[in-house]
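A.B. asks: Supplied in structure tokens, the structure appears directly below.
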Number of protein chains: 4
Amino acid sequence: MALHGARLSPLMSNVYYPEYLQLDKILNAQALESEKHGRPAHDEMLFIVIHQAYELWFKQILHEVDSVSRLFADHHVDDNGGELNIAVHRLERVRTIIGVLVHQMDIMETMTPLDFLDFRDLLRPASGFQSMQFKVLEARLGLRMEKRHGRQYYTSQLKPEHKAQIEALEHMPTLLELVNAWLERMPFLDARYWPADEAPFFQRLEELYSSTLVQGEEGNAALWRKVFVEGDTERALSPKACRHALFIMLYRDEPIFQLPFRFLQVLLDIDEGLASWRSRHLNMVHRMIGLRVGTGGSTGKAYLRGAMESHYVFSEIADLSSFLFERRKLPPLPASLRKATGFALEA
Amino acid sequence: MALHGARLSPLMSNVYYPEYLQLDKILNAQALESEKHGRPAHDEMLFIVIHQAYELWFKQILHEVDSVSRLFADHHVDDNGGELNIAVHRLERVRTIIGVLVHQMDIMETMTPLDFLDFRDLLRPASGFQSMQFKVLEARLGLRMEKRHGRQYYTSQLKPEHKAQIEALEHMPTLLELVNAWLERMPFLDARYWPADEAPFFQRLEELYSSTLVQGEEGNAALWRKVFVEGDTERALSPKACRHALFIMLYRDEPIFQLPFRFLQVLLDIDEGLASWRSRHLNMVHRMIGLRVGTGGSTGKAYLRGAMESHYVFSEIADLSSFLFERRKLPPLPASLRKATGFALEA
Amino acid sequence: MALHGARLSPLMSNVYYPEYLQLDKILNAQALESEKHGRPAHDEMLFIVIHQAYELWFKQILHEVDSVSRLFADHHVDDNGGELNIAVHRLERVRTIIGVLVHQMDIMETMTPLDFLDFRDLLRPASGFQSMQFKVLEARLGLRMEKRHGRQYYTSQLKPEHKAQIEALEHMPTLLELVNAWLERMPFLDARYWPADEAPFFQRLEELYSSTLVQGEEGNAALWRKVFVEGDTERALSPKACRHALFIMLYRDEPIFQLPFRFLQVLLDIDEGLASWRSRHLNMVHRMIGLRVGTGGSTGKAYLRGAMESHYVFSEIADLSSFLFERRKLPPLPASLRKATGFALEA
Amino acid sequence: MALHGARLSPLMSNVYYPEYLQLDKILNAQALESEKHGRPAHDEMLFIVIHQAYELWFKQILHEVDSVSRLFADHHVDDNGGELNIAVHRLERVRTIIGVLVHQMDIMETMTPLDFLDFRDLLRPASGFQSMQFKVLEARLGLRMEKRHGRQYYTSQLKPEHKAQIEALEHMPTLLELVNAWLERMPFLDARYWPADEAPFFQRLEELYSSTLVQGEEGNAALWRKVFVEGDTERALSPKACRHALFIMLYRDEPIFQLPFRFLQVLLDIDEGLASWRSRHLNMVHRMIGLRVGTGGSTGKAYLRGAMESHYVFSEIADLSSFLFERRKLPPLPASLRKATGFALEA
């Protein structure tokens, strides 16, 4: 159906669309349990196809996220090298894909609870909980086992080899950790750009911020110190990384910060997209099985709500918007830094 | 990921999610040509995955459309049997799926022309034109070979066995033909319900309609006769079928017409959804290859525009809205017919 | 821009598009606070326009919901009268509108926190919490003051006259109550259709249901009795209404239940659509103000999460899917009832 | 409803949500013609509200497009000044809005032709054709009167003062013209960066391009000369502007081209979004009035199809993808240029 881009050529290779896409595999991978049991249920086809479509897209998302992690993993994303541009582009693609995955829930909802009952019992104890790729995605982004809702339950239904696979992942650097390291090694708060030391500058930001706090927000002053100065072992982002992130948010119109700002934004978009997906999913499950027990003994709904609320990966970045204040109050940057964050063009 | 519906049970079968979905096939069916040629192109994965996702959904759409055709194929959709309800439900699902397929084009558009060039030449002469399922879908709905844009070109790129398969389909009844037959055998214009003959009734409708024509529409009076009285071998719908379809549209609030009305609507929704898809596709191709030659020698864009304009399957049904007039001018139905189109409940 | 439907006529009236739509009012209702204060903020226009667009659509939703309530308010929705068809059609429109409102959140999110800060302080103490129409909508659907999250807070920011207006609404029948009454007065469980009494029939359903319960679901047997037999003053739906609703869900393919089934579905769609909206809204607020205090002293996020979780109006209907079981186990209906739920056509 | 951002403060101003949004104007601007004529048509409310929602969003789109034009109108968008970043951000917002406007068509389609007939005749001769804002938008983007489909018809239905307003616009620089000027004054092909003259470089690109042409594309070599060397009075973009645009597309990963590349992309997105809107609109009109005469004597459908095909504003930019070739064949940039297109940071 789609692209008409291939061109005739004297040295024609012999690619044929159905073979290239391995459609013999793809289109022959739907074996209905209900047929095996002699009671074909029309909607089981949908059930299989939609989960396969989800898994295909999870594969694509992992392809993108892993490629971005690799760009960051060598501990260097050269500002002049185009890597960050590529990273943003690919994560924006992930965002777009997640938007389609949320939309896809509309298709699932065309299956009514009664139609699902026609084959539901035949599937036990299979469960979406056994989607390795989704667990891998959460782990690669930065969700740590100990932060997961229903920690033990989380891998209880996997085969041992799959469980081991997930646990192994926990030892690899996550995208969140790579982002923290990238933020930390930014040079913008280096002594060379701050003739009179950067510390007073951040102190001034702190004072500006404190002056905007209103009744009921007094606690935010302490929060500032925890986030930007003291740190906290519970937190994924270090004070130094947070200072750079705030710096990017406040001075995002300086050429060199435009792309980093987009990068931080798209991380939040992904978190939000996954949250939308979980929320749609939760509602769908409620409609589908009501108050009945889900796989594993807890009610599906309670579990999913817990996951929905606690599985944000980049919320420490979202929290930083607490610390913004009006742009017109922003102190100007030192001349040397201003120059370093612009293009060399005019020079 | 998705459904948490399976339940624990003493007689547990042993279905495991990754096996049930045959993920070993699905997730290992992406072989990049660019890798085979030693020049891995990151975006080729997307190119493969999105086409596979399209093909999965085409399979699902065909599953639905074929099941609906079978319901109609025995020449009887019993008003009291629930088949029409099922047909509407399934076609509304098809509509929902097409909506997602249109949205999916957003993902394709995250691939830039330059990224496509990294592997485009390696794919020749493969082309979306070789998607059998899409051609089958068009044929099953009712697009006849002789009405296709670029008739000869249409199957020129298929392997002989695929070409034969498409041509064989042309001899099976299409959904459009089945709909025509279903409309024709409706009893509502039968003599039993029309003590004084139905002919005068339709004549009265014609007069009512003619009286609403304004300057420039005089030709529509002749159109009425062609559509509802004389017929035309070029048309897919017979005059009798059209009379019933108009009847349904005008009296859609009578209980027995509510579902048939929805059925006609969802056929138009599907046509429109496919048109949206073709339109998005056309724009995407323009952005992707500009004014270059597409597979087969014609410019891709011109061909796609032709298909977009001429591949409506149910436009004769859409055209019927030309013949509506204000509800308040509608003649009341004979008492016996009114009774027959309602529920027996109160009796 | 949109419809080209108006026709020339000898008796031309003189409607002119900009006047018909009162565009002088609509397009001159954007007065930026930031301009009044001499510091024009570009994005305040968006802030105003999007809220106005939301309010326009809320008006339309209320127009539909109120018209549906009126259809039900005379305590009679005649199965042969077309009212239910109209009700379903209009509520499906509401569902479509809500889908657009959720999508519209994408536009809001193009405003960054820093851009919002340019004029946020100038708006105090205005708040979306003062949207009368949204409160009215919740109240009209069936959300009772005492069930609202943050009950007191709920009207605390309204002017006295608006507060009174909301409180007055609480005395009008809600859509949820009207639905309960409509379900209660259905005749399908009447003695006339049940030669041997309907009670044994529902007992049989209960037994069938109990036999499907698995480990961990034992409590659902008691739940069945509470929902379908004993009732509970906390519940909005009576046992009788619930029995009819379950009846509809189980026998939805009988002609007379097809439309009631769609009606129940679209109520759930609306609940789910509003839940999606609240979820997107919650995420957007988190991104926009982080952990800062929202209007009224509580953190906006905590409040919104509470509302998101407790403001489902039709969850008692969604819960009913807990009580479904496989269609093939369904007892057949008595012949007299079967006839009464079909069309009179063949008779 | 939406944002909970306003904060309590000792110096509280007195902004109240309903007043701030001027809801008395917005929500009292719906006067149904059908009510004036004593035959209230339920769906006329939808008809009015949706057109008002469209007009509100057109106002917002114009607010964004005009602000972007102003940024470019002083003939200087400083690479280090952040203006281009702002321009991209605002046009991406326009793209998002258009996406919602396309989606909004779903709402319009919940109105059936029969429901429209209840009030259609009362609206004559009003027509969406009298939407000034849409015409202004097309003109501001760059659609010239002489390129419009149905040129004379285009303003024939406007009141004289509105017609004059549109004609006046034609003398202001359009966004397309401003983009052309911006591309022309880029310094990247200046002598200072090309020790050995830039001409041979573009000649080399031409040769590279020609070598990729296949059978049937021979004409594209001449096209290259027309676009990049000779120019053509019919074209909106000059050869020099096109050379820079191609340069941006080919070297988009250089830091200084990342944002210009996004800028060119979003122009195409807007064109495509408007095309989708026109396509959906066309289909909707067909369903709504069938083959009847639209306002003005031509069939609405034929007119709309013409507009859909000819009203692309930025197609000369989209066409440029015809002239791309594989990235790995790209000649490297001279060292001085490479430096000028990167950040000064490391220096």
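The values are calculated or read from the model by the stated rules, or taken from the named source; none is laboratory data. Since this is a predicted model, take the numbers as computed values, not measurements. Cβ coordinates were reconstructed from backbone atoms using ideal geometry, including for glycine residues, and neighbour counts include every protein chain displayed. Heavy atoms of the whole protein, side chains included, go into the accessibility calculation; ligands, DNA and RNA do not. Shrake-Rupley method; radii C 1.70, N 1.55, O 1.52, S 1.80 Å.
A.B. asks: Against the longest alpha carbon principal axis of chain C, how many degrees, from 0 to 90 and to the nearest 10, is the axis of helix C:160-169 turned?
C.D. replies: Tilt relative to chain C: about 20 degrees.
A.B. asks: Could you report the accessible area of C:His76 in Å², rounded to 10, computed with a 1.4 Å probe on the protein chains as they sit in the structure?
C.D. replies: 100 Å²
A.B. asks: In straight Cα distance, which lysines are under 30 Å from D:Lys59, not counting same-chain residues fewer than 8 positions off?
C.D. replies: C:Lys25, C:Lys36, C:Lys59, C:Lys135, D:Lys25, D:Lys36, D:Lys135, D:Lys147, D:Lys159, D:Lys163, D:Lys301
A.B. asks: Distances from C:Leu189 to the same residue in each other copy, label points 7 Å out along Cα→Cβ, in nm, shortest first?
C.D. replies: Ordered by distance, the counterparts are at 4.5, 6.7, 8.0 nm.
A.B. asks: Using Cα atoms only, what is the angle between the long axis of helix B:44-73 and the major principal axis of chain B, expressed in degrees (0 to 90) to the nearest 10?
C.D. replies: For B:44-73 against chain B, the angle is about 30 degrees.
A.B. asks: Continuing with this model, one more query. Taking the label point as lying 7 angstrom from Cα along the Cα-to-Cβ axis, what are the distances from C:Ala222 to the corresponding position in the remaining copies, in ascending order and in nanometres?
C.D. replies: Ordered by distance, the counterparts are at 4.3, 7.9, 8.8 nm.
A.B. asks: Then there is this: Take the alpha carbon gyration tensor of region B:97-144, find the square roots of its eigenvalues, order them as a ≥ b ≥ c, and report rounded if a/c is under 1.5; if not, report prolate when a/b exceeds b/c, else oblate.
C.D. replies: oblate
A.B. asks: What figure in square angstrom, to the nearest 10, would you give for the accessible area of C:Ser210 with a 1.4 Å probe?
C.D. replies: Looks like 50 Å² after rounding.
A.B. asks: Taking a ≥ b ≥ c as the square roots of the Cα gyration tensor eigenvalues, with a/c under 1.5 meaning rounded and otherwise prolate when a/b beats b/c, else oblate, which class fits region A:85-221?
C.D. replies: In terms of gyration-tensor shape, prolate.
A.B. asks: Using only Cα atoms, find the angle between the long axis of helix D:300-310 and the longest principal axis of chain D, and express it within 0 to 90 degrees, rounded to the nearest 10.
C.D. replies: The angle comes out near 20 degrees.
A.B. asks: Considering every residue in D:30-42, what mean count of other chain Cβ atoms within 10 Å of its Cβ is obtained?
C.D. replies: 2
A.B. asks: Same structure, new question: Quick one: compute the contact order of region A:158-284, relative version, from alpha carbon pairs under 8 angstrom and 6+ residues apart, as a percent.
C.D. replies: 23 percent
A.B. asks: For region A:15-26, in order, what is each residue's ³J(HN,Hα) by Karplus, 6.51 cos²θ - 1.76 cosθ + 1.60 with θ = phi - 60°, in whole Hz (x at glycine and Pro)?
C.D. replies: Each residue of region A:15-26 in turn: 6, 10, 2, x, 7, 4, 8, 6, 5, 4, 6, 4 Hz.
A.B. asks: Can you list, shortest first in nanometers, how far A:Lys240 lies from the same residue in the other copies, with each label 7 Å from Cα toward Cβ?
C.D. replies: 4.9, 7.4, 8.6
A.B. asks: Name the residue from D:Ala181, D:His162, D:Met132 whose Cα lies farthest towards the positive end of the charge dipole of region D:108-257, charges +1 on Cβ of Lys and Arg and -1 on Cβ of Asp and Glu.
C.D. replies: Farthest towards the positive pole: D:His162.
A.B. asks: Express the relative contact order of chain A as a whole percentage, based on alpha carbon pairs under 8 Å and six or more residues apart in sequence.
C.D. replies: RCO, chain A: 21 percent.
A.B. asks: For A:Asn28 paired with B:Gln215, estimate the spin-label separation in nm (one decimal), with each label point 7 Å from Cα along the Cα-to-Cβ line.
C.D. replies: Placing both labels 7 Å beyond Cα along the Cβ direction yields 6.7 nm.
A.B. asks: Measuring from the axis that superposes chain D on chain B, report the chain D residue with the minimal C-beta distance, rounded to whole Å.
C.D. replies: Whole-Å result, nearest residue of chain D to the axis: D:Ser279, 2.
A.B. asks: Using a basic spin-label model with each label point 7 Å from the Cα along Cα→Cβ, how many nm lie between C:Leu208 and A:Leu330?
C.D. replies: Distance between label points: 6.7 nm.
A.B. asks: To continue, here is another question. Roughly how far apart, in whole Å, are the Cα centres of region C:57-73 and region C:173-199?
C.D. replies: One Cα centre to the other: 24 Å.
A.B. asks: Rounded, prolate or oblate: which fits the protein assembly as shown when a ≥ b ≥ c are the square roots of the eigenvalues of the alpha-carbon gyration tensor, with rounded for a/c under 1.5 and prolate only if a/b beats b/c?
C.D. replies: It is rounded, given that a/c, with a ≥ b ≥ c, falls under 1.5.
A.B. asks: Run the 1.4 Å probe and let me know the accessible area of A:Glu19, rounded to the nearest 10 Å².
C.D. replies: The accessible area comes out at roughly 100 Å².
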